[in-house]
1. Those residues that are without any contact (Cβ under 8 Å) to a residue 40 or more places away in the chain and surrounded by 19 or more Cβ atoms within 10 Å (Cβ to Cβ), I need them from region 264-285; list them, please.
2. Quick check: is even one residue across region 240-248 within 17 Å of residue 148 (Cβ to Cβ) and modelled with pLDDT of 85 or more?
3. Of (1) at negative phi; (2) assigned to a strand (DSSP E or B); (3) modelled with pLDDT of 90 or more; (4) more than 23 Å from the chain's Cα centre (by Cα), residue 151 satisfies all except one. Which?
4. Report whether or not residue 210 is at pLDDT below 90, in contact with a strand residue (DSSP E or B) (Cβ under 6 Å, 6 or more places away or on another chain), under 24 Å from residue 381 (Cα atoms) and not in a helix (DSSP H, G or I).
5. Residues being part of a loop (DSSP other than H, G, I, E, B) and surrounded by 16 or more Cβ atoms within 10 Å (Cβ to Cβ): count how many of those fall in region 286-305.
6. Suppose we filter region 363-376 for residues that are in contact (Cβ under 8 Å) with a residue 60 or more places away in the chain and assigned to a loop (DSSP other than H, G, I, E, B); how many remain?
7. Output the residue which, of all residues in region 255-274 that are under 14 Å from the mean Cα position of the chain (by Cα) and not in a strand (DSSP E or B), is farthest from residue 93 (Cα to Cα).
8. Against the condition at pLDDT below 90 and touching a strand residue (DSSP E or B) at 6+ places or on another chain (Cβ under 9 Å), how does residue 354 come out, does it pass?
């Protein structure tokens with residue numbers, strides 16, 4: 001009987017095992033995860049790049065406007081204390097904040113945003129244009145002028161009323177232009193509400209005069225010479241007096257009033273230049289600043305960590321107006337030249353300059369081109385019952401001849417020319433938290 005040989009078919013696999021499938025899925029997920037992370041990273045980098053470009057583009061137009069204003073002042077940035085009244089003014093107001101710390105005193109890119117720079121500017125070609133509503137009516141027209149009063153300042157809304165600037169609270173930079181047209185006006189016998197409407201609806205540089213007897217306001221358009229006097233400038237405290245002694249201005253030295261900025265703001269808000277601002281820091285150049293050398297890295301007064309306990313090197317830099325507070329005077333009681341003085345010789349500051357500065361180390365500081373008008377205007381600025389003693393031809397107690405410098409009723413807060421101005425503009429893009437900073441620097445040193 002023939003033997004039957006068994007036939008064996010070769011083993012054939014028709015699919016993958018469960019372990020192989022799990023391995024393949026795991027590898028696929030790993031690859032997909034890596035690709036997703038790569039795409040996410042690339043997308044984030046593209047988004048940050050776009051944000052940086054947008055911030056740079058937004059800053060560029062503001063830089064050009066500010067650079068043009070600083071280049072076309074109608075006055076030299078120096079104190080006018082002689083006999084010539086300047087045609088306009090330059091005023092820098094350094095607020096209490098400092099750029100290396102925020103309002104809470106912490107190192108932060110949310111820095112100095114309370115500075116103000118105000119000036120009279122001449123156009124460099126195209127005339128300034130603004131709105132004028134004659135007689136406070138509803139019909140408006142466009143007016144032009146080759147000269148204007150220009151203010152750069154910031155505002156922000158403190159939503160949680162904690163007196164701190166936070167990422168959720170947008171800071172805005174404004175550029176308010178008021179045309180200098182002394183041929184317009186006057187506007188007389190106005191109420192307080194009518195004055196507010198007038199200042200909101202008209203782009204005209206005006207001075208406000210309060211008539212206490214009639215309880216009315218009179219408003220007049222300024223000339224360049226008028227604006228040399230502080231009380232005539234936009235958002236400065238106007239002349240106010242006591243009926244018993246009208247030669248004393250209660251509001252002297254007529255500070256810049258930040259409450260008036262929000263009161264007199266334009267209805268449309270068309271003066272906004274930048275939003276989401278992290279810093280608007282105005283500084284002046286001082287040739288006597290001593291930089292601090294820490295680990296071979298020079299630190300300026302605006303840098304965190306200054307002054308470092310290291311070698312002090314002498315070099316000039318741009319500084320805040322009161323960067324050296326508290327100031328230690330020399331044995332004669334004199335302040336260093338680079339310490340910008342807040343001494344208006346008025347009853348508002350009846351302490352010696354160094355005492356006032358040490359008592360209020362975070363007070364605002366001012367630079368002002370000033371005017372000699374204060375010495376012959378019929379007002380008793382220093383409240384000593386003698387009017388205009390610096391120009392009356394008499395010896396009213398000065399150590400030298402009649403009408404010497406010590407008899408002056410006023411003096412500028414900083415009696416030196418400005419060599420240069422630097423304005424740091426810092427923006428933040430809140431979606432990506434990108435921060436972009438640029439600086440506008442202008443030199444006033446004659447070439």
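The values are calculated or read from the model by the stated rules, or taken from the named source; none is laboratory data. Just so it is clear, the model here is predicted, and its values are computed rather than measured. So basically every Cβ, Gly included, is an ideal-geometry build from the backbone, and we count neighbours across all protein chains shown.
1. Kept after step one, since they are without any contact (Cβ under 8 Å) to a residue 40 or more places away in the chain, are these residues of region 264-285: 268-270.
Scanning region 264-285 gives no hits.
2. There is no residue in region 240-248 that is within 17 Å of residue 148 (Cβ to Cβ) and modelled with pLDDT of 85 or more.
3. Unmet condition: (4).
4. Yes.
5. 5
6. 5
7. Here the residue is 261.
8. When the stated conditions are applied, residue 354 does not pass them.
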